[in-house]
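Trainee: Right, I'll just put the structure down here and ask away after.
The values are calculated or read from the model by the stated rules, or taken from the named source; none is laboratory data. Since we're looking at a predicted model, the values are computed, not measured. Heads up, the Cβs are rebuilt from the backbone with ideal geometry, glycines too, and the neighbour counts pull from every protein chain shown. Note: accessible area is taken over every heavy atom of the protein model, side chains too, but ligands, DNA and RNA are not part of it. Shrake-Rupley method; radii C 1.70, N 1.55, O 1.52, S 1.80 Å.
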Amino acid sequence: MFKHELLKRYLPQFGDMTGSRSHDRRVVYLDGYAGEGRYENGEPASGELALQIAADLRSRAGLTLECFFSESQPKSFDRLQEVVQQYRAGGVLAHAHRGEVDGVLDQVFERAWGSRCSFSWTRPGSSCRRTGW
């Protein structure tokens, strides 16, 4: 699958390069349409692939790839949540959100940029107007 190949090829490099230059050695990753995390046959889906990369970056390079996953389908979310919890138990910083991706964007942006509000996103009812992405 194309998405899986992109993750395997580029996420480790991106996480390593970006995280090693980050002041807190942390990178935030968002999969807005995460699916179930792991296929029924036990093979890793895109969510678990990202979690595996996060675990590897943590152990090998001391970097944190903080993963956010959003999934709107209840059955897929339940499976995704189980996979995320397994990796969280191993020290990976990961979050599963049930619902549409826009429901988690404020949290993702806050984790990525803190309260600097330096990105281009305005959500009705949010406490700041984000500009300049």
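Trainee: For residue 71, only one of the following conditions fails: (1) more than 20 Å from residue 19 (Cα to Cα); (2) open to solvent by 70 Å² or more (accessible area, probe 1.4 Å); (3) modelled with pLDDT of 95 or more. What is its number?
Mentor: Residue 71 satisfies all of (1) more than 20 Å from residue 19 (Cα to Cα); (2) open to solvent by 70 Å² or more (accessible area, probe 1.4 Å); (3) modelled with pLDDT of 95 or more except (2).
Trainee: Residue check, residue 19 against (1) part of a loop (DSSP other than H, G, I, E, B); (2) open to solvent by less than 60 Å² (accessible area, probe 1.4 Å), all met but one. Which one?
Mentor: (1)
Trainee: Here's another thing I want to ask about it. Taking the condition of being within 14 Å of the chain's Cα centre (by Cα) and either modelled with pLDDT under 95 or surrounded by 14 or more Cβ atoms within 10 Å (Cβ to Cβ) (or both), how many residues in region 79-101 meet it?
Mentor: 14
Trainee: Of the numbered conditions (1) open to solvent by 40 Å² or more (accessible area, probe 1.4 Å); (2) touching a helix residue (DSSP H, G or I) at 6+ places or on another chain (Cβ under 9 Å), residue 65 fails exactly one; give the number of that condition.
Mentor: (1)
Trainee: Which one is surrounded by the fewest Cβ atoms within 10 Å (Cβ to Cβ), of the residues in region 22-58 that are among the aliphatic types (A, V, I, L, M) and farther than 21 Å from residue 82 by Cβ? It would help to see each step written out before you state the result.
Mentor: First, pick out the residues of region 22-58 that are among the aliphatic types (A, V, I, L, M): 27-28, 30, 34, 45, 49-51, 53-55, 57.
Applying the additional criterion that residues be farther than 21 Å from residue 82 by Cβ yields 27-28, 57.
Details: 27: 23, 28: 19, 57: 22.
Ranking the qualifying residues of region 22-58, first place goes to 28.
Trainee: Also, quick follow-up: Being over 12 Å from the mean Cα position of the chain (by Cα), among the acidic types (Asp, Glu) and at pLDDT below 95 is the requirement here; does residue 56 meet it? Let's see the steps before the verdict.
Mentor: Numbers: over 12 Å from the mean Cα position of the chain (by Cα): yes; among the acidic types (Asp, Glu): yes; at pLDDT below 95: no.
Judged against the criteria, residue 56 is not a match.
Trainee: Here's something else I'd like to know. I'm trying to understand the selection: among the residues of region 76-90, which are without any contact (Cβ under 8 Å) to a residue 12 or more places away in the chain and of a type in the set (D, E, K, R)?
Mentor: 78, 88, listed by residue number.
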